[in-house]
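So the structure is just underneath, and the comments pick up after that.
The values are calculated or read from the model by the stated rules, or taken from the named source; none is laboratory data. Please read these numbers as outputs of a predicted model, since none were measured by experiment. Every residue, glycine among them, receives a Cβ derived from its backbone with ideal geometry; neighbour counts consider all protein chains shown. Accessible surface areas use protein heavy atoms only, side chains included; no ligands, DNA or RNA. Shrake-Rupley method; radii C 1.70, N 1.55, O 1.52, S 1.80 Å.
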Protein chains: 2
Amino acid sequence: MSQIDHTLRGTWTAAGGANAHLPPHALRWLRARIGLDTGTSRVPVGPDSAFRVPESALPAAARDALAAAVGAGHVLTDRAARLGRAGGLSYLDLLRHRGCGELAVPDAVVLPADPGEVQRVLEVCAEHDVGVVPFGGGTSVVGGVTALRGGKPAVVALDLVRLDRLVSVDPVSRVAVLQAGVRGPDAERLLAEHGFTLGHLPQSFERATIGGFAATRSAGQASSGYGRFEDMVEGVWLATPAGEWRLGVAPASAAGPDLRRLVLGSEGTLGVITEVALRVRPRPVVVRYEGIVLDGWEAGSAAVRELAQRHALADVTRLSDDAETEVSLALAGGWQGAAVRGYLAARRVAEPCLLVLGWDTASPWELAMRRAAAMRVLRRYGAVRLGRPAGEAWRRGRFAGPRQRDALLDAGVCVETLETATHWSRLSELRDAVRRALIGALAGPAGAPVVMCHVSHAYETGASLYFTVLVPRAEDDPIGQWQHAKAAACRAIAEHRDGPLGPAPLGTITHHHAVGVDHAPYLAGEIGPRGVEVLRAAKRALDPTGILNPGKLLPTR
Amino acid sequence: MSQIDHTLRGTWTAAGGANAHLPPHALRWLRARIGLDTGTSRVPVGPDSAFRVPESALPAAARDALAAAVGAGHVLTDRAARLGRAGGLSYLDLLRHRGCGELAVPDAVVLPADPGEVQRVLEVCAEHDVGVVPFGGGTSVVGGVTALRGGKPAVVALDLVRLDRLVSVDPVSRVAVLQAGVRGPDAERLLAEHGFTLGHLPQSFERATIGGFAATRSAGQASSGYGRFEDMVEGVWLATPAGEWRLGVAPASAAGPDLRRLVLGSEGTLGVITEVALRVRPRPVVVRYEGIVLDGWEAGSAAVRELAQRHALADVTRLSDDAETEVSLALAGGWQGAAVRGYLAARRVAEPCLLVLGWDTASPWELAMRRAAAMRVLRRYGAVRLGRPAGEAWRRGRFAGPRQRDALLDAGVCVETLETATHWSRLSELRDAVRRALIGALAGPAGAPVVMCHVSHAYETGASLYFTVLVPRAEDDPIGQWQHAKAAACRAIAEHRDGPLGPAPLGTITHHHAVGVDHAPYLAGEIGPRGVEVLRAAKRALDPTGILNPGKLLPTR
């Protein structure tokens, strides 16, 4: 509650602590690597730069009805509150908050206290034809919380921060019910009091919420062990303009289609998730993170594939390609980076690819069993062990990405990520296609883009690819620079080619960032016109006047 | 193709081999146990009993159009073909095929050759307003393939038996595409040529099809290891009256809701599944099945819970309660049963509960690791090992249930199964409630019902319960006798009580038998009125005139 009046971007940076900024040597190295001159950036720095926030267009009658539903003190129309819910945390969002391009600002922020109040807010908004953007941590990087009006006269951000309770814990069944507004660290703290963990640790963990994880089909860094968020959901309850909806009875069922899966990934377009029943696990007792190096992308990805197909994945299994490994070692800096590079050269590793493995286990016995199974596979691929420091270094910095990005923005760097997934037999083809698209779109006289990639999540049949792009920012059109590159990458991903599932896109347009605004144009290529029709039909049934999260998920007609 | 003119029930029995009938000692023991006199049954025996099959009501124009779509030889209206697709394999279906009650017979059987012909069949049926019942193995036990007309002038069975191809195998990604009409054993044979297995072994394995597994959210006996069928699906392709629909791009995605999950479990009401892309695994090299005995239901279910929660389940993990164990040992007969009973008495096991464990592994090393993890848990619950013969005996008879049922029917026994699932903290409450309901409804002057139960599938948060009922058949009203008992059990399962997910049904109305006709009245209690509205909306989008599988899944208004 204390944070609701802050600009989220500022809050995130302020909470950064030791990892908030890149050390000077890292920034120097990066500037040299991407060819960035040291002239000052023309993009303004900091969240307080002056730009016009339009007057709230929320009709007085709607505002009064909302105040009656949640209390007058929980309907905010001040500049700070509205700016704080104006979009998410994509690179373009950050630029917009620095004064580049247009920023969509909600007309008000509504803060219901519980599921019943959420339901009443939807009823009021339906009656007054006001758009509603459900807002959790505000960490979307695909425009999922952009305050679009979608033809409505006004739009409010429905902030779920007050739905912050652990409702119940069943220690026998290992099921906990959490409210939608609980943030990652708070979920872990509340569950720890009962000896449990969720184990869901996406990079957005520090701010993102239970409801957001569910609405976007989130996948955490330890998903190889704990599963994707959708795999943890036992029940999901939502408010919809058509009324409340509770789903979930048993751990498994054949009672028709699993409609929980229709809600998971619906991104606030079908209803507002208010509570989620989740499978929890005992807090780990013995934890070990370590670093391994494999020589080259092909050996590395083949090793991870065999780990996945032999069910020998560590809970965290993360393979960087040679470009990402080079940058990681350079940024580690000082004697650590040099020592590792020397050690690998002595072992004749030509193209080091860092594999981070992390196990959360109940006992030394379990750790030994699982680690032995993994090492048995990795030895055959010529794995070189870097030991625990390399794993622990990754672990310490695992949530630092968003904060480092602020420092890079200040330095004039265009920095963004995107991700996809496909089957193993097409993984290298997909990586090459996306790299080629990004490098082709971003190469220019100003400098050379660095395109790094890692496998963040591995499955028996395939894996995800997570790309990070660093390039000098084009100060004449920073928004257009990235939009051009992103479109090229999306086209490469979405291109239909023959594969193990017949003709289909080369990869999914998103493995865990969700659809939002940015990926909506590619959805029909992935789920087909029938899929779009079915989603529209479900929306008509639950949200007949179309007030929920306008412009997201479904392609505009 | 050679079997398509047979009555399926006859085919099933004929294929039975060594397990086709119960041995005489078993039948004697059972008769005594349930108090069945040895008078002959009044229910006719065999599939050829005389009853009226109405003339086909398929209009000539529709028949001609269907013949144009699939070839005249693939539109069948003869008595044998139509009777062969008249319903599934529930106890009530078997009774109806013996002349009790009303039998719904399709007006024709249509046999398309490929997905394109399936699409054309749907277009013809939509144009002529003819109902369509997709028909795979015909093994539904919930009325899922009953030839209801749903207000249409005629209904055809769309038999997918000719869609019998393995379309492709990607050995790197371990993905295979199978057509919908491929039966369990054929799928295994086709995949074995490439070194792979699906590992999906429901009791209906011998006849059921890939399309049926997908349409009903099937779960096999080895689901603890191989997963439920829905967990194996990478892609699913279907024909719908609105056009073809292909779903599936990557092993995981966040591109909106997972619409594959809307198709899985849709039971032919949204479209006809034509091809399924499935995750496959290498055929196991080292297989071990064994029997363990635990003392009493509470110890047994606690042990299975800990196996599930420690991720130490065997691929097959199946716990019988004391009633089922007693029957199993009695039916084993001869010295085997007596020897085991004596051994257990000497070990002072008061209420033996048989736990069958089966591992499919790649190596002796893997088996040793996994078995050690399981035994470590089981020792703490006082497990008594029966060794491999007990496991192998179960494995040999694993698909015999449907055939034994025919023998029991001949002997005048009412025999049926039903199943549910819930969270661990309510499992014993659910078992007690269903047992009480069944015993209460079936107790009578004719004899005492035997109600047996086993945990067939275990998950971290809960488990399924599978009940088998044996009672002397009420010859005056055999249909009503079971309908009364089934309704009592369903009410017990569906009763809303407070639990780990808040107020919710005590269990799911079906864990793996699906909804069909029999469970449709309970669906709204499980997915809520919103859920029913959403399913209806999806159906309107894909099947606007409502020709697909009338009367199934969705409650009739």
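Taking θ as phi - 60° and the Karplus parameters 6.51, -1.76 and 1.60, the scalar couplings of region B:453-460 work out to 8, 9, 7, 9, 9, 10, 10, 4 Hz in sequence order, x denoting glycine and proline.
Kirkwood analysis of the Cα pair distances in region A:136-233 returns a hydrodynamic radius of 14.3 Å.
Starting from the coordinates of the alpha-carbon atoms of chain A, obtain the Kirkwood hydrodynamic radius over all distinct pairs and give the value in Å to one decimal. Evaluated on chain A, it is 24.2 Å.
What size of dipole, in debye to the nearest 20, comes out for region A:166-282 about its Cα centre when the only charges are +1 on Lys and Arg C-beta atoms and -1 on Asp and Glu C-beta atoms?
Details: 11 positive and 12 negative charges, 33 e Å.
Around 160 debye, computed over region A:166-282.
DSSP bridge analysis restricted to region A:401-505 gives an antiparallel fraction near 95%, rounded to the nearest 5. Each DSSP beta bridge with both residues in chain B is either parallel or antiparallel, and the antiparallel ones are about 85%. The coefficient of translational diffusion for region A:460-549, derived via Stokes-Einstein from the alpha carbon Kirkwood radius under 4 °C and 1.567 mPa s, stands at 83 µm²/s.
Looking at region A:401-505 from every direction and averaging, what is the projected area of its Cα convex hull in nm²? Don't skip to the end; give the middle numbers.
Numbers: hull surface 27.0 nm².
Computing the convex hull of the Cα atoms and averaging its projections yields 6.8 nm².
Report the one residue of A:HIS496, B:LEU178, B:GLY151 whose Cα lies farthest in the direction of the positive end of the charge dipole of the protein assembly as shown (charges on C-beta: Lys and Arg +1, Asp and Glu -1; origin at the Cα centre). Sorting the options by dipole projection puts first B:LEU178. Phi angles of region A:24-35 translate, via the Karplus equation with coefficients 6.51, -1.76, 1.60 and θ = phi - 60°, into HN-Hα couplings of x, 5, 5, 5, 4, 4, 5, 4, 5, 5, 9, x Hz per residue; Gly and Pro are given as x. Across q = 0.10 Å⁻¹, region B:166-282 modelled as identical point scatterers on its alpha-carbon atoms has Debye log10 I(q)/I(0) values of -0.26, in the order of the q list.
Please report the antiparallel percentage of DSSP beta bridges with both residues in region A:74-228, rounded to the nearest 5.
Values: 7 of 15 bridges.
Percentage antiparallel, nearest 5: 45.
Decide, for the protein assembly as shown, between rounded, prolate and oblate: order the square roots of the alpha carbon gyration tensor eigenvalues as a ≥ b ≥ c, take rounded if a/c falls under 1.5, and otherwise choose prolate if a/b is larger than b/c, else oblate. Note, shape of the protein assembly as shown comes out prolate. Note on the protein assembly as shown: with charges restricted to the Cβ of Lys and Arg (+1) and Asp and Glu (-1), its dipole about the Cα centre is near 2200 debye.
Remark on B:GLY462: its backbone amide H falls under 5 Å from those of B:TRP424, a criterion applied only to residues 5 or more positions apart or on other chains, H modelled at 1.01 Å from N.
Taking the Cα centre of chain A as reference, the dipole from Cβ charges on Lys and Arg (+1) and Asp and Glu (-1) amounts to some 1220 debye. Cross-link partners for B:LYS539 among the lysines, with Cα-Cα distance under 27 Å and sequence neighbours closer than 8 places in the same chain left out: A:LYS539, A:LYS552, B:LYS152, B:LYS552. Taking amide H positions as modeled 1.01 Å from N, with prolines and chain starts lacking one, the residues under 5 Å from B:THR209 and 5 or more places away or on another chain are B:GLY137. Amide H to amide H, with H built 1.01 Å from N, B:VAL286 comes under 5 Å of B:THR361, B:ALA362, B:SER363, counting only residues 5 or more places away or on other chains. A convex hull fitted around the alpha carbon atoms of region A:286-396 yields 88 Å³ per residue. Label-point spacing for A:ARG376 across the identical copies (point 7 Å from Cα in the Cβ direction), in nm and ascending order: 1.4. The string of couplings for region B:85-101 from the Karplus curve (6.51, -1.76, 1.60, θ = phi - 60°) is 10, 8, x, x, 10, 5, 3, 5, 4, 5, 4, 4, 6, 9, x, 8, x Hz, one whole number per residue in order, with x for Gly and Pro. Take the accessible area of chain A alone and of chain B alone, subtract that of the pair, and you get about 6900 Å² summed over both chains, using a 1.4 Å probe.
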